[in-house]
Amino acid sequence: MSDIGVTVKKNEDFSEWYTEVILKSGLADYAPIKGCMIIREDAYAMWEKIQEVLNKKIRETGHRNVYFPMFIPEGFLKQESAHFAGFVPEVAWVTHGGDTPLEEKLAVRPTSETIMYATFAKWIRSWRDLPLKINQWCNIVRWETKATKLFLRTREFLWQEGHTAHATSEEAEKEIMYVLSEYRDIMENYLAIPVLVGLKSESEKFAGALYTTALEAIMPDGKALQMGTSHNLGQNFAKVFDINFIGEDEKEHKVWQTSWGITTRLIGAVVMVHGDDKGLVLPPKIAPVQVVIVPIPYKGADPNAIKSKAKEIADKLRAKGITVVLDDRDEYTPGWKFNQWELKGVPVRIEIGPRDLKQQQVTVARRDTYQKTAVKEEEAICAVETLLVEIQHNLFAKARISLEEKTTTVQSYHDFKKVLTEKGGFIKAAWCGNSICEKKIKDETGTTIRVKPFEKEEPATTCVYCKEKAKETVYFARSY
Ligand code: 86X
């Protein structure tokens, strides 16, 4: 048991637990390059599920997938120096082809605005070419200098980047809100992770944007995690890259743009939020395996009777579109298999033993609560379908309670700091809107404004820091 199962308790050393769960469940492995990781089969399957869901949504609304080169000529990034200056230390460069130095060095894309928007300028001529709505699934390289962490911060990661150009500001705004709501649907109804949605403050927004919106979740250690972002770029890039169109009014205009993205860090969030001391706990809607069937053989009886019953049930579940593994390997004991599939977070386990066979029933165990029930064979398929839905809901409900527990409203800076040391999480406080206060709070506590919620609640009172009149209520937190 010792080195197969998880040895660290989630609430004793969260960070160690996280790494151990990922490595032992086989989601990922370290790569022989510092700061890089190997995304293994099960994690990649989850990423494909996220792709499938988002692709379906955005295709229905007229977005198309594309692929741009991963190499960006230095000149492109320089054109846009105002926004990229701060990022330069993170850029990885290709300088040689074989032994020959390149005439112009090439950045390995840290994001694709510049190469895409230089091309938009060529593609867009008239209002008839708008809106232009594209999306790219690709890898991204950012040469992190901070400590890396599996899924959350690696020097290479996978993402999607959506980029749109519109004739009007209103259309761009609609796009941003549309993307946010679809992201939210994925996070809450697929990953079962509740999020706060709102605006970033001026100092936290993407420098190239008019404003940045984001979805933020809270992790069990009280740190916030940005789950996705959607920017209103206004005409900032249109000005730099000359993305102009002739309008219906026959005059020349600049386009209005948006960009938005989610990354493989979402998988890290799923591990953190739902996992337990035995390993992963995967929401059924993104689990690569939703049901595992473990036949329990017994001495002195026909193992084939159990195996063929197991096969029959597996086929019936598969016919309902459920992903099933029938683990009838003889070289492992049932107990070993239970541990292994629990480690991998499979939502439902079906056991079929001699007693079950005799009584025409199966034993159903759920991963989220460890509850085990005997179910009549003829009701088994329906019961499992219902159970998968229930587990999905239960995981979300638990995560929502955790978000609520980890959100504290404070009136004073004294309470702010007290809450931060005692439990962390989101700290909801009134703020004057001044970036000087924001900066002081950041320097003194390590927290940043994660989000300024769209839904404005109670009228704000006085700023938690300077005690001047407050402009709004915002959420602070330490973050990944
Ligand atoms: C900001 C902005 C935006 C499309 C998204 O957030 C969603 C998808 N892009 C990305 N950003 C950078 O622009 C950036 C640029 C360079 Cl050169 C870099 F090295 C790192 C960066 N990180 C973030």
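We did not get these values from a lab; they are worked out from the coordinates using the rules stated. Nothing here was measured: the structure is a model prediction, and the numbers come from that model. Don't worry about glycine lacking a Cβ; one is built from the backbone with ideal geometry, like all the others, and counts go over all protein chains shown.
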*Check the range 284-306 and report whether any residue there is within 30 Å of MET187 (Cα to Cα), surrounded by fewer than 13 Cβ atoms within 10 Å (Cβ to Cβ) and among the hydrophobic types (A, V, I, L, M, F, W, C).*
no
*Considering only residues that are more than 9 Å from the ligand (Cβ to nearest atom) and among the charged types (D, E, K, R), look in the range 66-93 and name the one that is surrounded by the fewest Cβ atoms within 10 Å (Cβ to Cβ).*
LYS78
*So which residues in the range 206-217 are near the ligand (Cβ under 10 Å from one of its atoms) and touching a residue at least 24 places away in the same chain (Cβ under 8 Å)?*
PHE206, ALA207, GLY208, ALA209, ALA214
*asked:* Here is a list: GLU202, GLU175, GLU170. Which entry is assigned to a loop (DSSP other than H, G, I, E, B) and among the acidic types (Asp, Glu)?
replied: GLU202
_Selection within the range 137-173 - more than 16 Å from the chain's Cα centre (by Cα), among the hydrophobic types (A, V, I, L, M, F, W, C) and within 16 Å of the ligand (Cβ to nearest atom)_ = VAL141, TRP143, ALA165, ALA172
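Could you check the range 187-205 and list, in sequence order, the residues that are of a type in the set (Ser, Thr, Tyr) and more than 15 Å from the ligand (Cβ to nearest atom)?
TYR190, SER201
From ILE115, ILE134, grab the single residue that is hydrophobic (A, V, I, L, M, F, W, C), within 16 Å of the ligand (Cβ to nearest atom) and within 22 Å of the chain's Cα centre (by Cα). So that I can check it myself, show each step before the final result.
Values: ILE115 fails: within 22 Å of the chain's Cα centre (by Cα).
After ruling out the rest, the residue left standing is ILE134.
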*So which residues in the range 27-80 are among the hydrophobic types (A, V, I, L, M, F, W, C), assigned to a loop (DSSP other than H, G, I, E, B) and touching a residue at least 12 places away in the same chain (Cβ under 8 Å)?*
LEU27, ILE33, CYS36, VAL66, PHE68, MET70
*asked:* Which residue is surrounded by the most Cβ atoms within 10 Å (Cβ to Cβ), if the candidates are limited to the range 32-51 and must be in contact with a Ser or Thr (Cβ under 9 Å, 6 or more places away or on another chain) and over 22 Å from ILE186 (Cα atoms)?
replied: MET37
*surrounded by fewer than 20 Cβ atoms within 10 Å (Cβ to Cβ), within 18 Å of the chain's Cα centre (by Cα), more than 11 Å from the ligand (Cβ to nearest atom) and of a type in the set (Gly, Ala, Ser): does that describe SER181?*
yes
*asked:* Of everything in the range 94-112, what is away from the ligand (no atom under 11 Å from the Cβ) and either surrounded by 12 or more Cβ atoms within 10 Å (Cβ to Cβ) or basic (Lys, Arg) (or both)? Give them in sequence order.
replied: VAL94, LEU102, LYS105, LEU106
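For every residue, the table says whether it meets (1) under 22 Å from PRO297 (Cβ atoms); (2) surrounded by fewer than 18 Cβ atoms within 10 Å (Cβ to Cβ); (3) out of contact with any Lys or Arg (no Cβ under 9 Å at 6 or more places or on another chain).
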site: LYS311; (1), (2), (3): yes, yes, yes
site: ALA314; (1), (2), (3): yes, no, yes
site: VAL324; (1), (2), (3): yes, no, no
site: GLU331; (1), (2), (3): yes, yes, yes
site: PRO347; (1), (2), (3): no, no, no
site: ILE350; (1), (2), (3): yes, no, yes
site: GLN359; (1), (2), (3): yes, yes, no
site: VAL364; (1), (2), (3): yes, no, no
site: THR369; (1), (2), (3): no, yes, yes
*Just one of the numbered conditions (1) exposed (fewer than 13 other Cβ atoms within 10 Å of the Cβ); (2) assigned to a loop (DSSP other than H, G, I, E, B) is not true of LYS10; which one?*
(1)
*Would you list the strands (runs of 3 or more DSSP E) that sit entirely within the range 248-318 and hold 3 or more residues that are of a type in the set (A, V, I, L, M, F, W, C) and closer than 27 Å to ASN135 by Cα?*
256-263
